Amino acid sequence: MIDLKDIVKIYRTGGEELTALKKISLHIQEGEFTAIMGPSGSGKSTMMNILGLLDRFDSGEYILNGENVTGLSDNQSAHVRNKEIGFVFQSFNLMPRMTILENVELPMVYGGIPAKERRERALKALDRVGLSDRVKHRPNEISGGQKQRVAIARAIVNNPAVLMADEPTGNLDSKTTIEIMRIFQELNAEGTTVVMVTHEPEVAIYTKRIVSFKDGEIQDDKIQENQVIL
Ligand code: ADP
Ligand code: MG
């Protein structure tokens with residue numbers, strides 16, 4: 001599903017260069033549920049932004065769902081992203097002036113899906129995350145955990161090949177965190193490949209595989225024999 005070979009990412013600011021990813025190679029198969037872990041500044045978000053085609057890299061090769069996505073233009077990236085990737089952010093990134101339903105419809109507006117089908121699919125995705133009774137609300141009228149569930153509904157509404165998330169529970173309390181991890185586990189059990197960043201070991205216990213970053217390199221990569229199922 002995801003094949004990275006020797007990915008290098010260098011940030012250039014002023015006269016300074018910082019190599020955030022040092023030849024990262026990583027293979028993630030269809031159906032896996034992977035946590036990317038590591039201390040602050042180790043390159044987790046840089047990795048996730050590259051995986052999500054939100055940022056470019058300096059060298060290496062990225063194959064996503066059989067397609068070589070190395071060096072795509074911004075337009076091409078946006079197209080692949082809309083088709084293949086659902087992305088969930090720590091800060092939810094919902095549109096404040098739109099209703100919950102309109103937020104979830106948005107990726108399909110970009111995808112040119114007819115209005116009736118958009119509505120049906122958005123309602124189904126919202127039902128999937130348990131928010132059928134909040135469709136007319138706006139983001140500032142619901143809780144943080146509910147906002148993240150809206151963001152997950154928006155991320156899955158185009159049936160992406162991979163669901164990606166950068167610290168999706170970073171702004172949530174522990175009870176709400178478990179609700180979010182339960183949804184990820186359910187989606188994974190239904191076949192969705194999930195890759196998420198977390199720096200919290202108590203969140204990573206719910207995933208199947210942990211890839212640990214340190215100073216822009218993969219330090220450890222292990223399968224969790226005792227994944228906790230919610
Ligand atoms: P993490 O998500 O693990 O905390 P990041 O991927 O955000 O780590 O950052 C990795 C390194 O790259 C850090 O040293 C960080 O300061 C640097 N970095 C991240 N984003 C940028 C940027 N846009 N410009 C310059 N340096 C950056
Ligand atoms: Mg980060």
C-alpha center-to-center spacing [the stretch 166-230, the stretch 123-142] in angstrom: 24 Å
Amide H contacts under 5 Å for TYR206, placed H, 5+ residues apart: VAL228
Viscosity 1.567 mPa s, 4 °C: Kirkwood-radius Stokes-Einstein D of the chain over Cα pairs, µm²/s: 72 µm²/s
Acute angle (nearest 10 degrees) that the helix 144-156 long axis makes with the longest principal axis of the chain, alpha-carbon atoms: 80 degrees
Length gained when the stretch GLU117-ASP133 is fully extended (0.36 nm per residue, less Cα-Cα span): 3.8 nm
Long pairs among LYS175/LYS208; LYS147/LYS175; LYS44/LYS208; LYS22/LYS44; LYS23/LYS222; LYS5/LYS147, criterion Cα-Cα beyond 24 Å: LYS5/LYS147
Square roots of five times the Cα gyration tensor eigenvalues for the stretch 1-96, Å: 20, 17, 16
Rounded D (µm²/s) - the stretch 149-230, Kirkwood Rh over Cα pairs, Stokes-Einstein at 25 °C, 0.890 mPa s: 182 µm²/s
Within the stretch 11-105, trypsin sites (Lys or Arg not before Pro) in DSSP loop having at most 11 other beta-carbon neighbours inside 10 Å: ARG97
Size of electric dipole in the chain: Cβ of Lys, Arg +1 and of Asp, Glu -1, about Cα centre, debye, nearest 20: 760 debye
Residue range of the chain that is longest and free of GluC sites (Glu not before Pro) which are both DSSP loop and sparsely packed (at most 14 other C-beta within 10 Å): 31-189
Segment ILE10-ASN140, extension gain: residue separation times 0.36 nm, minus the distance between their alpha carbons: 43.1 nm
Share antiparallel - DSSP beta bridges, the chain, percent rounded to 5: 55 percent
Interchain or long-range residues, amide H under 5 Å from ALA20's placed H: LYS9, ILE10, TYR11
For the stretch 42-172, alpha-carbon Rg relative to the globular expectation (2.2 N^0.38 Å, N residues): 1.08
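Computed from the coordinates by the stated procedures, all read-outs in this text should not be read as laboratory data. Being a predicted model, the structure only gives us computed values, none of them experimental. All Cβ positions, glycine included, derive from the backbone under ideal geometry; neighbour counts span all protein chains shown.
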